[in-house]
1. Kindly establish whether GLU93 is under 26 Å from ASP9 (Cβ atoms), among the charged types (D, E, K, R), at pLDDT 90 or above and assigned to a helix (DSSP H, G or I).
2. In the range 167-203, how many residues are out of contact with any helix residue (DSSP H, G or I) (no Cβ under 8 Å at 6 or more places or on another chain), surrounded by fewer than 11 Cβ atoms within 10 Å (Cβ to Cβ) and over 26 Å from ALA226 (Cα atoms)?
3. I'd like to verify a number: residues in the range 193-243 that are part of a loop (DSSP other than H, G, I, E, B), more than 21 Å from ASP180 (Cβ to Cβ) and not acidic (Asp, Glu), how many?
Amino acid sequence: MSKGTKKIDDLAELLERTGGDAQRLEVVRRTQRFKRSWIELAEALIKVRAGRAYERWGYDDFHAYCAQELTLKKATVDKLTVSYSTVQRHAPEVLEWDGVARTIPTVEAIDYFSRAIGDGPANDPSGDEEPAPSRRAPARPHAPEVLTELKSAVFDEGQPVAELRKRFDPVLHPRPKGADKLDLLNKASAAARKLAELLPDLDGLPEKRVRRLEEELGALRDDIEALAEPLREKVARAAKRAAPPRLPAAQGG
């Protein structure tokens, strides 16, 4: 237990023992739960899975227990447990933080880091179940200096996932050539369609002019589609080449 955690626990105990201000005690309790909630839940889930405790409670499968009793989806459970294991391997000191003196990174930020370094359910050392028969391979390796900078942004700077995406996506997940132009064409087509849909509802415009504008907007959308279609195919091919290959299905023994 870290000094910060002991300090806030001692404060809560003191407030309870001395009949301290109820609101103050509640804020202390909620601060602890809020700041450490995902870490504590992930740790508990890993212990349940490792000890197969769910079997004592009438469940044959860990994820079935999580879904039926805790109402946690498999994707959420995997994100929590993989993120916790990632912290254990790459920044174990975080597990000693109390969430008050030092902010614990969000599970979304840890998940972003996990994906960048290639961690996933198949690489989770705390797991004891067979991996899914069909899954994505780990991410393609990135430059060590990029991952070092990302690690610092997550654990030292405490950057939220939105900032991480803005800062690192161009390097970790570069967009295929032509993707930005395709986005612009799609937006232009959507704007033309929306304007065409609104025209009949605008009072005061001559019907003849509305019909002419609708025809012109339809022709404009056709021209945009003619530009977008080959670009769409080009971007799709580039994205497919950049995607990691799927691992082969596991063979039964």
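1. yes
2. Final tally of qualifying residues: 3.
3. Total satisfying the criteria: 4.
Listed here are the residues, each with its yes/no results for (1) outside any loop (DSSP other than H, G, I, E, B); (2) at pLDDT 90 or above; (3) within 25 Å of ARG52 (Cβ to Cβ).
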| residue | (1), (2), (3) |
| --- | --- |
| VAL82 | yes, yes, yes |
| GLU108 | yes, yes, no |
| ALA132 | no, no, yes |
| THR148 | yes, yes, no |
| LYS151 | yes, yes, no |
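The values are calculated or read from the model by the stated rules, or taken from the named source; none is laboratory data. Not measured: the values here are computed from a predicted model. Here Cβ is always computed from backbone atoms with ideal geometry, including for glycine, and neighbour counts include all displayed protein chains.
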